[in-house]
Amino acid sequence: MRGRFWSLLRQQCKRRQRCGFGAQHARTERERRETAGDRVALLGGAQASLGAAEDAGTAQAPGRRAVVQFVQAARAVVQAQDEALGIVARRRIDPAGQPGSAKIPDPRRFAYVEACGELDRATLAFDVGILKSDGTTAWYATDRGEPRFRVARNGCVRVAVPVAEGVTADQFTGVRIRAFTRPRRDGEPVLPEGTGKVTLTRINGVFMLDDSYRPATPRLRWVGSIEARGESSPVPIPVRPPSPARR
């Protein structure tokens, strides 16, 4: 069984040319541009393309799907750590860093959300709920009040928002989504409020980075289908924490 697993893994790596974890794996020019764009987006405090989280194996045989998901999860871990270490190496850390300033707080202070969905003439932002010592919940918006930092693409993404100093993943208590009707494009009329629609299909997890800038255990998972209309109130997602056996 183990030999079959690694055989499938090698086949998957050879076909996708994406499994040489680190700088040695082959990348197309498009992938290099996406990686650069991911890091720039993270500096704004918002979104990054996350092909590694896409559920590309749903139409495959169970054994092969497991390999695909393993490879994707491994890529996501390496990508997140590479992004954080790249920011540290370029000395772009500033506790008072503001969106778009090319400076951010320590990446280990961020709450990261990995999610998948479909956008119909819409953009999307997430709110991460943090349980405070007085029992109330503080909500942190991944767009940080900036429309340019909202998700504007279909598929799976990773978004991030800095939280208060000292917050830990154990304080994650909820996730909400907010939909917005996208701006009009050249040659089309202004879209009325409420036109945009977001269909969220999964939350792969909410997590922070450990001391080595590696993603810690994801929290607050969810799979299903929830819609949100542009300019409507935040829509709560019925996320669930990991079971004790998986922590």
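Anything in segment 107-149 that is assigned to a strand (DSSP E or B), touching a helix residue (DSSP H, G or I) at 6+ places or on another chain (Cβ under 6 Å) and of a type in the set (Asp, Glu)? List them, or say none. Passing the criteria: only Glu114. Does segment 99-106 contain at least one residue that is in a strand (DSSP E or B), touching a residue at least 24 places away in the same chain (Cβ under 8 Å) and out of contact with any strand residue (DSSP E or B) (no Cβ under 6 Å at 6 or more places or on another chain)? Scanning segment 99-106 turns up at least one residue that is in a strand (DSSP E or B), touching a residue at least 24 places away in the same chain (Cβ under 8 Å) and out of contact with any strand residue (DSSP E or B) (no Cβ under 6 Å at 6 or more places or on another chain). Restricting attention to segment 133-153, does a residue exist that is over 14 Å from Arg178 (Cα atoms), surrounded by 16 or more Cβ atoms within 10 Å (Cβ to Cβ) and touching a Pro at 6+ places or on another chain (Cβ under 8 Å)? Within segment 133-153 (the criterion being over 14 Å from Arg178 (Cα atoms), surrounded by 16 or more Cβ atoms within 10 Å (Cβ to Cβ) and touching a Pro at 6+ places or on another chain (Cβ under 8 Å)), the answer is no, since none of the residues qualifies. Mind checking whether some residue in segment 176-199 is at pLDDT below 95, of a type outside the set (Val, Ile, Thr) and touching a helix residue (DSSP H, G or I) at 6+ places or on another chain (Cβ under 6 Å)? No, segment 176-199 contains no residue that is at pLDDT below 95, of a type outside the set (Val, Ile, Thr) and touching a helix residue (DSSP H, G or I) at 6+ places or on another chain (Cβ under 6 Å).
The values are calculated or read from the model by the stated rules, or taken from the named source; none is laboratory data. A quick note: this is a predicted structure, and the numbers were derived from the prediction, not measured. Glycine gets a Cβ as well: all are built from the backbone with ideal geometry, and neighbour counts include every protein chain shown.
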